[in-house]
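Undergrad: Mind looking over this structure? Questions follow.
The values are calculated or read from the model by the stated rules, or taken from the named source; none is laboratory data. Just so we're clear, the structure is a prediction, and the values are computed from it rather than from any experiment. We place every Cβ from the backbone using ideal geometry, glycine too, and count neighbours over all the protein chains shown.
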């Protein structure tokens with residue numbers, strides 16, 4: 001008898017982690033949800049090699065070269081960036097319960 005497993009629905013979210021460039025400070029100070037940007041475009045902007053990382057498991061830093069190359073698109077689709085002070089790392093998160101997707105904003109000032 002073969003029993004089929006029940007697979008939970010998985011939600012994939014892309015976040016841009018924002019941290020100070022200071023190597024002594026390892027905290028992440030902000031996040032921006034980039035899930036509205038097509039995955040193909042994120043792969044292009046962050047220079048992801050799908051042969052080395054087909055499941056986008058690693059984190060990918062935005063380089064100054066790629067920032068300059070895609071500056072217009074970035075400015076139109078992301079928060080304003082300052083590569084002199086901050087570093088930006090793209091990470092993928094997957095979760096089975098939509099309610100547990102981390103929310104990195106406040107809907108009201110009283111929240």
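Undergrad: Could you please find all residues in the range 46-78 being in contact (Cβ under 8 Å) with a residue 40 or more places away in the chain and assigned to a helix (DSSP H, G or I)?
TA: 77
Undergrad: Looking only at the range 30-45, count how many residues are free of Cβ contacts under 8 Å to residues at least 24 places away in the same chain and exposed (fewer than 12 other Cβ atoms within 10 Å of the Cβ).
TA: Of the residues in that region, 2 qualify.
Undergrad: Has the range 56-63 got any residue that is more than 14 Å from the chain's Cα centre (by Cα) and at pLDDT 95 or above?
TA: Scanning the range 56-63, I find at least one residue that is more than 14 Å from the chain's Cα centre (by Cα) and at pLDDT 95 or above, so the answer is yes.
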